[in-house]
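The values are calculated or read from the model by the stated rules, or taken from the named source; none is laboratory data. Being a predicted model, the structure only gives us computed values, none of them experimental. Positions of Cβ are backbone-derived with ideal geometry, glycine not excepted, and every protein chain shown enters the neighbour counts.
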Amino acid sequence: MQTLTDHEKKILGLVKKHPIILGDRSERERVAVANGMTEKTLRNRIADLKRYGLVDSKGASIKETSKIEDVEKTPIGDSVFQVLCNRRRFLFINFIAVSVLSVIVSLLLPVWYASSFTILPSSAGGDIFGTIGGGTGALSLLGLGNTSEETSNYISILNSRRVRERIIDEFNLRSVYGAEEIEDVLEQFKANTDIEVSDEGALLFVIYDRDSIRCKKMADLVLEELGKTSIDLKTKTGIRNQRFILARIESLESELREVENSLRDFTLKHNAYELPTQLAESVVQLIGFEVKLAETEIAYNIAKHTLSKESPSLRNLKLQKDELRSQLKVLKTGWDEESLFPNLSDTPDLLLAYARMKRDIEIHGAILEFLYPQYEQARLQEARDEPTLQILDFPHVPQKKAKPQRALIVVGSVTFSFLMACFWVLLRNRVWLSAPNQRKAGAA
């Protein structure tokens, strides 16, 4: 119900008293001037009363004006619940209409089916640098290879243009989707697929189509293309790495031969068959000679003071002392090519050269020991012709629709429509109640 301002009540009284002003402009102007207003103001207020239903073309509506007193007594501070209850009929009609409409729309929406497969990427065989039978690749030990990388490779293959165009051509999806441009078909096909990775690392691929049989066949072909593409890429990778490893092995073998030949020449030149052992024996021999020389010199000095110069014993001790000194000199400064004991004066240079050659041989040998298994595994990977996919769930013919979810559509539409209707009722009530104050301000 509408609350009238004093000005509107005055206009309503003028309409009752002079009904002719509803259709006669001159009479309306005369009455307006007589009551201190313009003809335009009177005409606008009459239009408001017509909108309220209080005035018709014949004059004031008796039925509506009889309710003016009740209107004036209507409270303007009704609660939200009271306002909604007053418009419950409108809300109920809106609820029924939207419910019926949403049900009809949901029934008219096309039905889509979903077929899927689940694969578990295998770490074995995925890394061509892995050890044969070891189960853990060398790159995995370095933190560079893991299952998630293989999963990312599978996702890249599934999203590749190569696989999508293969499916589009096989099932003539241009006509199915009603698109001529290949880019549009690719976009629609991508929108009808879904890829998820579980916390355990399993990869789930889902494809949607309006035909359940075709949906299952498309999923089968996607799985087949995934296996073929994966094999193709791994085979090419195996060939590339096989060539790289073989070239590296040949280079290392050549370098190793050069170092081995250098060690052979060094051994023949210095008789250094086992240089550390030979040096140890030389030191022991040197110490023995030094001890014997010291003992002989002591004995010679004692005999020199006790025996005559012509004594055979004294001459014998002198000869022993000179021979020991000669042996020590040879051991320290000379080199006998027929001796197995190295020259101690050349020991630092000999040890350094010998250690470098032994180190180079050990390094080259260790690298070759690592590369030989990798080369064999690369050859095996090149010859592999079966998929390495671990398929947990194969595609199946869907028996139930995947979408649309009609119940969700109906419930969501009805709920949203009801909330919007309540909002409109409350907003309309607020604007309606604030209208009298605005009209009073305008009349003033």
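S99: buried (at least 16 other Cβ atoms within 10 Å of the Cβ), modelled with pLDDT of 85 or more, part of a helix (DSSP H, G or I) and more than 32 Å from the chain's Cα centre (by Cα), yes or no?
Against the criterion (buried (at least 16 other Cβ atoms within 10 Å of the Cβ), modelled with pLDDT of 85 or more, part of a helix (DSSP H, G or I) and more than 32 Å from the chain's Cα centre (by Cα)), S99 qualifies.
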- Any residue at all in the range 181-202 that is modelled with pLDDT under 90, over 20 Å from W112 (Cα atoms) and buried (at least 16 other Cβ atoms within 10 Å of the Cβ)? yes
- Query: Among the residues of the range 257-286, which ones are modelled with pLDDT under 75 and among the β-branched types (V, I, T)?
  - Reply: T277, V283, V284
- Query: Just wondering, is there one or more residues in the range 238-249 that are modelled with pLDDT under 75 and touching an Asp or Glu at 6+ places or on another chain (Cβ under 9 Å)?
  - Reply: yes
- Task: Being surrounded by fewer than 15 Cβ atoms within 10 Å (Cβ to Cβ) and touching a residue at least 24 places away in the same chain (Cβ under 8 Å) is the filter here, so list the residues in the range 169-180 that pass it.
- Result: E170
- Message: So for the range 371-378 (the condition being loosely packed, with under 12 Cβ neighbours inside 10 Å, modelled with pLDDT under 90 and among the aliphatic types (A, V, I, L, M)), does at least one residue qualify?
- Response: no
- Determine, yes or no, whether R166 is within 22 Å of S115 (Cβ to Cβ) and without any contact (Cβ under 8 Å) to a residue 60 or more places away in the chain. yes
